[in-house]
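Only one structure is covered here, and it is reproduced in the block below.
Bear in mind these aren't lab numbers, they're just calculated from the coordinates by the rules spelled out. What you see is a predicted model, and the numbers here were worked out from it, not measured in a lab. We place every Cβ from the backbone using ideal geometry, glycine too, and count neighbours over all the protein chains shown.
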């Protein structure tokens, strides 16, 4: 496994948010994590990236334990997160937001990579001198993904990429995620839209009250009666 989590726990004060999580993401896979609001999905991604401290268990990146190192060092090692709600720096330009994602890399590498981001997201090139806060929700999501990709991650953590977007924009963002996966990017994605997430996922986990209760391929979970009843609304 490129990313492996073993018996991971995390607390907010006395409240235990993660209860012995065991998940893994292989090189080149798109793995989805689905579950109800409050299940601990975002907490898991934040704990993997080092923003939220773990209270127990281990996180491995390509066999190297990263559980106790800083979030900035985890970025350097190859873990990059697209946060829930996009979290743009609104008063800064699109280009400056992108460049912030390259803080671990040289200026020459950053210049080369930002051209790649503009090729992948042409609308960002058009709006590169605009304030990020003036972008539409879909454009901001593209910017958030581009910013994370500026670090050349080995694993991309995607937190609710479709949140707050109109249906047509949701389709566009999922097309981007699919394209990234086809290009070989390893992705661990949290997504409220369980149907669309499971449709494109190689494998998936269901999280309930801080515990993994089901796992399998995306197709297997799409046909699982419990998943259908609880998360797909059909």
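Before moving on, here are some points about what is shown:
- For region 36-93, the square roots a ≥ b ≥ c of the C-alpha gyration tensor eigenvalues yield an a/c of 1.5 or more together with a/b not exceeding b/c, which makes the shape oblate.
- Residue ranges 150-160, 84-94 sort as 150-160, 84-94 when ordered by packing (mean number of other C-beta atoms within 10 Å per residue, highest first).
- Fewest-first sequence of 104, 217, 113 by Cβ atoms within 10 Å of each Cβ: 217, 104, 113
- Debye intensity ratio I(q)/I(0), log10, the chain, q values 0.16 Å⁻¹ (C-alpha model): -1.14
- Spin-label pair residue 22/residue 171, simplified geometry with 7 Å Cα→Cβ offset, distance in nm: 4.1
- Backbone N within region 19-36 under 16 Å of label point (7 Å from residue 1 Cα along the Cβ vector): 19-34
- Gyration tensor verdict on region 84-201 (Cα atoms; rounded if a/c is under 1.5, prolate if a/b is larger than b/c, oblate otherwise): oblate
- Calculated mean residue ellipticity at 222 nm for the chain: -10000 deg cm²/dmol, from DSSP H runs with n ≥ 4 weighted as -39500 (n - 2.57), summed, divided by the residue count and rounded to 500.
- Here 227, 51 are placed in order of increasing Cβ neighbour count within 10 Å, fewest first, which gives 51, 227.
- Each residue, residue 109 and residue 92, gets one label point 7 Å from its Cα in the Cβ direction; the gap between the two is 1.8 nm.
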